[in-house]
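Single-structure report; data block below.
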Amino acid sequence: MVSAGAPGTAAAPPRARWRVSPVVAVLWALGMLVVVAWAAPFVWMVSTSLKQPGDIMTPTIEWLPRRVTSENYAKVFAQPVLRWLVNSLIVATTATALSLISGAMAGYAFARLQFPGRGVLFFLVLATLMIPSEMTIVPLFIGFLRADLVNNYAAFILPSVASVFSVYLFRQFFLSLPRELEDAARVDGAGRFRTFFSIALPLARPAVIAAAILLFTTNWNAFLWPLLVAFTEEMKTLPVGMATFAPGVGGQTQLQSFGPAMAAMTILTIPSLLVFLVLQRYFIEGVISVGIKG
Amino acid sequence: MGFGTYVSFTEWGVMGDPQWVGLENFRRALADPFVPKVWGNTLKYGLIVVPATTLTALAFALFVNQRWWGATLARTVFYAPNVVAVTVIGLVWVWLLDTRFGLINQYLGAAGVPNVPWLTNPAWVLFGIALASIWWDAGFSMVIFLAGLQDIPKELREAAQVDGASKFQVLRHIVLPLLRPALSLVATLLIIGTLRVFSQIYVMTNGGPANASASVIMYIYRIGFREFELGYAAALSLMLFATILVVTAVEMRMLRVQRW
């Protein structure tokens with residue numbers, strides 16, 4: 001209490017921070033209320049998934065299930081969910097790995113190599129960033145159909161291998177990297193590939209992490225393309241397969257099916273949410289680096 | 001792209017080869033009553049979603065950027081829906097927006113508001129879908145605003161405060177004007193996102209009721225992949241792409257003007 005100075009003096013002691021004006025308190029409380037509301041759909045989803053069919057539609061809100069049941073999860077696993085999960089894992093990891101490698105190599109080439117037409121080529125690459133994937137999906141689908149590349153893993157993976165986003169991210173990163181280290185390696189007799197794999201790529205770890213996370217979530221959550229090229233039940237990816245639990249809006253069936261639907265959604269959400277919570281700093285930094293510089 | 005442009009001048013039902021029909025597909029689009037309908041839906045949806053998401057995201061960014069307890073927690077929670085698959089967004093919100101037993105209407109009912117037929121009434125369905133999209137998307141825009149906020153030099157705010165500006169004045173006259181680049185980026189991304197809106201609608205209403213929520217891409221999807229008229233679908237795609245190009249070009253021009 002020694003330094004309880006007059007309120008508002010510039011040189012107020014650290015204690016002054018604890019004095020909260022009512023406006024700030026109200027703003028803070030409002031914000032926190034929104035935080036709770038924002039998290040509520042997740043809680044409600046999990047809670048519904050654990051309820052017995054009779055307890056789901058209640059005239060009053062019941063946040064906690066009266067009787068916990070795993071019946072809804074059993075219904076979900078009656079479908080080939082594990083198969084869908086394996087499909088999703090194979091597709092998302094392969095596509096992410098391939099687009100990381102191709103992105104890193106192409107980005108490196110754009111940042112370091114001198115070749116004729118580099119500027120034009122890079123502009124073309126960037127221009128495709130402006131074209132939303134839905135635009136190219138009809139011609140792409142036709143092409144894949146003609147090449148008989150449907151209903152197999154290659155059909156899922158190939159379109160996402162050449163990721164412009166990944167090329168761009170790596171180019172920007174390599175441009176900011178000092179050349180001297182690579183020059184030293186060259187002087188010591190390392191070729192282009194050696195220099196790239198043993199010097200440049202290890203230095204690009206932050207870019208690799210950011211790109212890997214963003215690419216993986218994109219691939220994991222991809223919906224329209226897998227919906228088009230998966231012709232049979234066992235070739236569906238997890239998001240597409242889980243969509244079959246969608247209850248028809250306004251239909252009578254929906255009264256029965258929200259339990260299994262929410263169980264399916266819980267299963268689908270947990271992996272991405274876990275990855276996000278563990279790596280959230282990289283997530284947000286990744287978005288900043290793409291969102292602002294892109 | 002080039003192939004798509006070519007196909008848009010043809011009639012092609014997947015089987016067999018495309019037949020050259022010239023501008024027929026484009027003439028058909030102009031006469032098709034569904035084309036103004038789906039463009040109108042998309043526009044209405046954009047008029048709801050773009051301002052609402054921008055304001056929500058801006059408020060979130062300002063809230064999270066404070067040094068008070070819970071800011072990091074709030075940032076995590078606000079961003080979390082963005083990492084979740086669109087199927088989840090759609091399904092969970094179908095349940096939340098259920099007219100009789102949905103959480104939203106139950107709470108509104110407790111506040112004395114009669115049940116809103118969020119997804120079953122043509123007049124409400126776009127609002128219902130917009131709610132889900134805001135929940136899904138606001139976190140991403142928030143991060144762009146956050147990056148913008150962190151680019152504002154501290155000295156500027158401090159100088160203003162020393163000069164006796166209130167917190168609100170600092171926000172109004174310093175922070176918001178300097179956030180303009182972030183604002184245009186967010187707006188551009190949201191407008192483009194609106195023009196290509198599809199998956200939420202596909203999962204939540206499949207375009208219904210009475211086509212009131214059918215977006216442009218939804219229609220292209222139906223024409224191309226349900227009725228297998230790939231030529232016509234490609235023509236519709238080309239028109240959408242041209243629109244997106246124009247929007248992007250206008251936005252970039254505006255951004256450049258602002259820099260002067």
Residues satisfying the stated conditions in the range A:185-210, i.e. of a type outside the set (A, V, I, L, M, F, W, C) and in a helix (DSSP H, G or I): A:186, A:192, A:194, A:195, A:198, A:202, A:205, A:206
Residue ID - surrounded by the most Cβ atoms within 10 Å (Cβ to Cβ), chosen from residues in the range A:47-58 that are within 10 Å of chain B (Cβ to nearest Cβ) and touching a residue at least 24 places away in the same chain (Cβ under 8 Å): A:48
Single residue of the range B:53-100 satisfying the filter (in contact (Cβ under 8 Å) with a residue 60 or more places away in the chain, aliphatic (A, V, I, L, M) and within 8 Å of chain A (Cβ to nearest Cβ)) that is surrounded by the most Cβ atoms within 10 Å (Cβ to Cβ): B:91
Enumeration of residues in the range A:22-46 that are away from chain B (no Cβ under 12 Å) and closer than 22 Å to residue B:111 by Cα: A:26
The one condition in (1) outside any helix (DSSP H, G or I); (2) in the same structural domain as residue A:171 (by TED's automatic domain parsing); (3) over 21 Å from residue A:238 (Cβ atoms) that residue A:108 fails to fulfil: (1)
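Are there helices (runs of 4 or more DSSP H) fully within the range B:113-214 with at least 1 residues that are touching a residue at least 40 places away in the same chain (Cβ under 8 Å)? List them.
On the way: elements: B:125-151, B:154-162, B:167-170, B:180-195, B:199-204.
In the range B:113-214, B:125-151, B:180-195, B:199-204 are the helices (runs of 4 or more DSSP H) which contain 1 or more residues that are touching a residue at least 40 places away in the same chain (Cβ under 8 Å).
Would the range A:102-109 turn up any residue that is more than 12 Å from every other protein chain (Cβ to nearest Cβ), of a type in the set (S, T, N, Q), in contact (Cβ under 8 Å) with a residue 12 or more places away in the chain and surrounded by fewer than 20 Cβ atoms within 10 Å (Cβ to Cβ)?
So the first thing to find is which residues in the range A:102-109 are more than 12 Å from every other protein chain (Cβ to nearest Cβ), and the list is A:102-109.
Applying the additional criterion that residues be of a type in the set (S, T, N, Q) yields A:102.
Filter once more, keeping what is in contact (Cβ under 8 Å) with a residue 12 or more places away in the chain: A:102.
Then keep just the ones that are surrounded by fewer than 20 Cβ atoms within 10 Å (Cβ to Cβ); that gives A:102.
Checked the range A:102-109: at least one residue is more than 12 Å from every other protein chain (Cβ to nearest Cβ), of a type in the set (S, T, N, Q), in contact (Cβ under 8 Å) with a residue 12 or more places away in the chain and surrounded by fewer than 20 Cβ atoms within 10 Å (Cβ to Cβ).
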Subset of the range B:166-211 that is surrounded by fewer than 18 Cβ atoms within 10 Å (Cβ to Cβ) and among the charged types (D, E, K, R) - its residue that is nearest to the other protein chains (Cβ to nearest Cβ): B:167
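Could you say which residue among A:177, A:98, A:113 is among the hydrophobic types (A, V, I, L, M, F, W, C), out of contact with any Asp or Glu (no Cβ under 7 Å at 6 or more places or on another chain) and surrounded by fewer than 17 Cβ atoms within 10 Å (Cβ to Cβ)? So that I can check it myself, show each step before the final result.
Working: A:177 fails: surrounded by fewer than 17 Cβ atoms within 10 Å (Cβ to Cβ); A:98 fails: surrounded by fewer than 17 Cβ atoms within 10 Å (Cβ to Cβ).
Checking each option against the conditions leaves just A:113.
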Any chance residue B:104 is surrounded by 22 or more Cβ atoms within 10 Å (Cβ to Cβ), at negative phi, in a helix (DSSP H, G or I) and within 23 Å of the chain's Cα centre (by Cα): no
Complete set of residues in the range A:81-106 that are within 23 Å of residue A:196 (Cβ to Cβ), under 17 Å from the mean Cα position of the chain (by Cα) and hydroxyl-bearing (Ser, Thr, Tyr): A:93, A:94, A:96, A:99
Complete set of residues in the range B:76-94 that are touching a Leu at 6+ places or on another chain (Cβ under 8 Å) and in a helix (DSSP H, G or I): B:76, B:80, B:83, B:87, B:88, B:93, B:94
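Among the residues of the range B:150-174, what is the count of those that are out of contact with any Leu (no Cβ under 7 Å at 6 or more places or on another chain), hydrophobic (A, V, I, L, M, F, W, C) and within 26 Å of residue B:73 (Cα to Cα)? Walk me through it before giving the result.
So in the range B:150-174, the residues out of contact with any Leu (no Cβ under 7 Å at 6 or more places or on another chain) come out as B:150-151, B:153-173.
Checking which are hydrophobic (A, V, I, L, M, F, W, C) leaves us with B:156, B:159-160, B:162, B:165, B:168, B:170-171.
Subsequent filtering for residues that are within 26 Å of residue B:73 (Cα to Cα) retains B:168, B:170-171.
Adding up the residues that qualify gives 3.
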Selection status of residue B:116, β-branched (Val, Ile, Thr) and either within 7 Å of chain A (Cβ to nearest Cβ) or more than 30 Å from residue A:214 (Cβ to Cβ) (or both): yes
Filtered residue count, the range A:221-233, keeping only those that are surrounded by 17 or more Cβ atoms within 10 Å (Cβ to Cβ) and either among the acidic types (Asp, Glu) or at the interface with another protein chain (Cβ under 7 Å from one of its Cβ atoms) (or both): 4
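The values are calculated or read from the model by the stated rules, or taken from the named source; none is laboratory data. Quick caveat: nothing in here was measured; it's all calculated off a predicted structure. Ideal geometry is used to build each Cβ from the backbone, glycine not excepted, and the neighbour counts take in all protein chains shown.
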